[in-house]
Amino acid sequence: MVKQLIKNWLDIKEPTSVKAIEKMVKDLDDKAFAKAKNEYKFNANQLKSFAEVKCDGCKKSIITYPFGGGYYTRATDNKRYHSSKCLDNNT
């Protein structure tokens with residue numbers, strides 16, 4: 001009696017079986033996984049525009065930016081340096 005009242009209130013017309021509930025849960029899990037995967041791809045693409053390289057002089061990490069800033073480059077061999085001091089020490 002109570003189950004039928006709840007089904008009527010939720011507007012469930014057909015009887016729900018365990019298999020039907022398991023299928024609904026699986027569908028929801030698949031949708032959630034697909035959404036998380038899309039979010040991951042979006043964030044990965046955004047982060048690809050940023051990169052981390054090592055300074056060729058002192059091996060300190062340098063964050064490079066999409067517009068190319070964040071380090072000094074020596075014109076003769078394209079080595080990257082994190083500061084002008086490091087560049088001067090290695091030229």
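Tabulated data
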quantity: From Val53, Val2, residue being in the same structural domain as Arg80 (by TED's automatic domain parsing) and modelled with pLDDT of 75 or more; calculated: Val53
quantity: Long-range neighbours under 7 Å by Cβ, at least six apart or interchain, first residue within 14 Å of Lys59 (Cβ to Cβ) within region 69-89, second in a strand (DSSP E or B) and hydrophobic (A, V, I, L, M, F, W, C); calculated: Tyr71/Ile62; Arg80/Val53; Arg80/Ile62; His82/Ile62
quantity: Total residues in region 73-87, condition modelled with pLDDT of 80 or more and surrounded by 15 or more Cβ atoms within 10 Å (Cβ to Cβ); calculated: 6
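Residues are listed down the side, and each one gets a yes or a no for (1) basic (Lys, Arg); (2) assigned to a loop (DSSP other than H, G, I, E, B); (3) more than 27 Å from the chain's Cα centre (by Cα); (4) modelled with pLDDT under 75:
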residue	(1), (2), (3), (4)
Ile6	no, no, yes, no
Pro15	no, yes, yes, yes
Lys23	yes, no, yes, no
Asp30	no, no, no, no
Glu39	no, no, no, no
Asn45	no, no, no, no
Gly57	no, yes, yes, no
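The values are calculated or read from the model by the stated rules, or taken from the named source; none is laboratory data. Note that the coordinates shown come from a computational prediction; the quantities given were computed from them, not determined experimentally. Heads up, the Cβs are rebuilt from the backbone with ideal geometry, glycines too, and the neighbour counts pull from every protein chain shown.
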